[in-house]
1. Hey, can you tell me all the residues within region 13-44 that are in contact with a helix residue (DSSP H, G or I) (Cβ under 7 Å, 6 or more places away or on another chain), at pLDDT below 95 and outside any helix (DSSP H, G or I)?
2. Go through region 83-110 and report how many residues are in a helix (DSSP H, G or I), surrounded by fewer than 21 Cβ atoms within 10 Å (Cβ to Cβ) and either without any contact (Cβ under 8 Å) to a residue 40 or more places away in the chain or out of contact with any strand residue (DSSP E or B) (no Cβ under 8 Å at 6 or more places or on another chain) (or both).
3. Just to be sure before I move on: is residue 75 touching a strand residue (DSSP E or B) at 6+ places or on another chain (Cβ under 9 Å), surrounded by fewer than 18 Cβ atoms within 10 Å (Cβ to Cβ), at pLDDT below 95 and closer than 21 Å to residue 152 by Cβ in the structure I sent?
4. Let me spell it out: the conditions are (1) closer than 21 Å to residue 40 by Cβ; (2) at pLDDT 95 or above; (3) touching a helix residue (DSSP H, G or I) at 6+ places or on another chain (Cβ under 7 Å); (4) not in a strand (DSSP E or B), and residue 130 meets all of them except one. Which number is the exception?
5. What are the pairs with Cβ atoms under 7 angstrom where one residue, in region 6-29, is touching a residue at least 12 places away in the same chain (Cβ under 8 Å) and the other, located anywhere, is part of a loop (DSSP other than H, G, I, E, B) and loosely packed, with under 13 Cβ neighbours inside 10 Å? Sequence gap at least six, or different chains.
């Protein structure tokens, strides 16, 4: 698919990680956020935008020399929707945008290719969301034509409210790969990742 830009959300405060910034924890020998950038940059044709906020300087340092372009969200403390809106504004002329999380290290480049292929074979004017057993996953594929709609409500910008309030603009794709549905929010989740799955993350 042509003109695909990635937005990786990396502005959160990792409140449930016991004082550690989860995006800086090692995955496959490199910081988690750098691992995620490598995963996305292997697939997209446009830039990989990393939206920073909390610990912005540390995240930027972890990404030095990577393909990522960092974009600081001054409103990050107000929640993830503001980071989505910040990323969409920075995406420029991209026709298709992948909006994903910085803490999904089980997600692979092949998973992203499968999602983009499903989107391309369906209605490309709709937002594509991976799903398994009625569980929504990430990232989402967003056509640029919907970006103004996603940012129209200043109190609730971004995808979550819009996709639930406008089901006619959404399509779901059955994709069972665990990377779409597993994120790392707690020390226990990170420990489980390192003990059980790290061998697969290289």
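The values are calculated or read from the model by the stated rules, or taken from the named source; none is laboratory data. Given the structure is predicted, the values throughout are model-derived calculations rather than measurements. For neighbour counting, all protein chains shown are included, and Cβ atoms are generated from backbone atoms with ideal geometry for every residue, glycine included.
1. Within region 13-44, 14, 18, 21, 25, 27, 28 meet the criteria.
2. Filtering region 83-110 for residues in a helix (DSSP H, G or I) gives 83-90, 109-110.
Now drop any that are not surrounded by fewer than 21 Cβ atoms within 10 Å (Cβ to Cβ), which leaves 89-90, 109-110.
Now restrict to residues that are either without any contact (Cβ under 8 Å) to a residue 40 or more places away in the chain or out of contact with any strand residue (DSSP E or B) (no Cβ under 8 Å at 6 or more places or on another chain) (or both): 89, 109-110.
Count: 3.
3. Numbers: touching a strand residue (DSSP E or B) at 6+ places or on another chain (Cβ under 9 Å): yes; surrounded by fewer than 18 Cβ atoms within 10 Å (Cβ to Cβ): yes; at pLDDT below 95: yes; closer than 21 Å to residue 152 by Cβ: yes.
Spelling it out, residue 75 is indeed touching a strand residue (DSSP E or B) at 6+ places or on another chain (Cβ under 9 Å), surrounded by fewer than 18 Cβ atoms within 10 Å (Cβ to Cβ), at pLDDT below 95 and closer than 21 Å to residue 152 by Cβ.
4. Just one mismatch for residue 130, condition (4).
5. Once the first residue is touching a residue at least 12 places away in the same chain (Cβ under 8 Å) and sits in region 6-29, its partners that are part of a loop (DSSP other than H, G, I, E, B) and loosely packed, with under 13 Cβ neighbours inside 10 Å give 14/20; 28/202.
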